[in-house]
Amino acid sequence: MQQSASVKGQPTAMLPYILPFALYLLLTQIPMKFPAYYPWLYGVCVGLVGLATIYLLRGKGIVQIHRNILPGLLVGIGGIFLWIVLCNLQLEAAIMRHLPDWLQPQPRAAFNPFQDISNPLGQWSFIATRILGMAVLVPFAEEIFWRGFLLRWVISPNWQKVEIGSYSLKSFCWVVLLFTLAHPEWLAAIAYCSLLNLLLYWKRDLWNCIVAHGVSNLILAIYVLATGAWQLW
């Protein structure tokens, strides 16, 4: 009877791990369909997903915030350096030429606020919102899903009893594969996801993975603003 109750309770227990990520994926498709309204619709998406994430995570104890974040900082800095280098090599282009259209990843919105928004207040408001989404919201939503839930769920359907940071080759490979398919920069995504998986196995701490992801995305945003590589965000 206890096992049956545990299994019945799992769909509800999954929601804080899955729903923020799913909402972000779904809602951020809407602004891309309406380029003229992209900055405003993106801001609405960030607001809605942020509120849902706060509500779903509140009081759950899924992430234990602490100050021992040096491993996350180092992996975040090294990981985004690797990401940028691999993206600039553009090796995916040679691979994608041989793939059918349905398998090719969709490019990013590549929205340039300095080109598409006329006034400085609007430009920097969008940039602030974009950085908030990239460096705060996305790291929580993605890390809780990929490494807080999916790495454990692939190991066992009774995933709540699998400790954070438990290793299996099968779960490692599945998470890297799915993470890669969710990003247009395939080679960079393979390397980056592998690094964050290894960070989790090393520290057994979801917070360091969130910090690493947040630091990476913040540095990426700075890089995009400094170089004009809008295709990366």
- [ ] Please compute the net charge surrounding E163, taking Lys and Arg as +1 and Asp and Glu as -1 over other residues with Cβ under 15 Å from its Cβ.
- [x] +4
- [ ] Find which of P11, P39, A212 sits farthest along the positive direction of the dipole of the chain, computed with +1 on the beta-carbon of Lys and Arg, -1 on that of Asp and Glu, about the Cα centre.
- [x] P11
TODO: With only Lys, Arg, Asp and Glu charged, each at its Cβ (+1 for the first two, -1 for the last two), find how big the charge dipole of the stretch 70-232 is about the Cα centre; round to the nearest 20 debye.
DONE: 340
Open item on the list: Among (1) 1.09; (2) 0.99; (3) 1.04, only one was calculated for this model; which label is it, if the read-out is Cα Rg over 2.2 N^0.38 Å?
Closed with: (3)
Open item on the list: What number comes out for accessible area per residue over the chain if the probe is 1.4 Å? Units Å², please.
Closed with: 54
- [ ] Kindly rank 64-74, 168-178, 136-146 from highest to lowest mean number of other beta carbons found within 10 Å of each residue.
- [x] 136-146, 168-178, 64-74
Task: Karplus-derived HN-Hα couplings along the stretch 173-187 (A = 6.51, B = -1.76, C = 1.60, θ = phi - 60°), whole Hz, x at Gly and Pro - done: 5, 5, 5, 4, 4, 5, 4, 5, 5, 7, 10, x, 8, 4, 5
- [ ] Considering Cα pairs under 8 angstrom that are at least six residues apart, work out the relative contact order of the chain and quote it in whole percent.
- [x] 31
TODO: Kindly rank 31-43, 204-216, 187-199 from highest to lowest mean number of other beta carbons found within 10 Å of each residue.
DONE: 204-216, 187-199, 31-43
Task: the stretch 70-232, accessible surface, carbon-and-sulfur percent (1.4 angstrom probe) - done: 68
Task: Positive-end residue, the chain charge dipole about Cα centroid, Cβ charges, pick of N112, V224, T180 - done: T180
Task: Gyration tensor verdict on the stretch 1-128 (Cα atoms; rounded if a/c is under 1.5, prolate if a/b is larger than b/c, oblate otherwise) - done: prolate
Open item on the list: So if each residue of separation counts as 0.36 nm, and I subtract the Cα-Cα distance between Q115 and M96, what length gain in nm does that give?
Closed with: 3.9 nm
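The values are calculated or read from the model by the stated rules, or taken from the named source; none is laboratory data. Just so we're clear, the structure is a prediction, and the values are computed from it rather than from any experiment. Note that each Cβ is placed from the backbone with ideal geometry, even for glycine, and that neighbours are counted across all protein chains shown. Quick note on the areas: whole protein, heavy atoms, side chains included, nothing else; ligands and nucleic acids left out. Shrake-Rupley method; radii C 1.70, N 1.55, O 1.52, S 1.80 Å.
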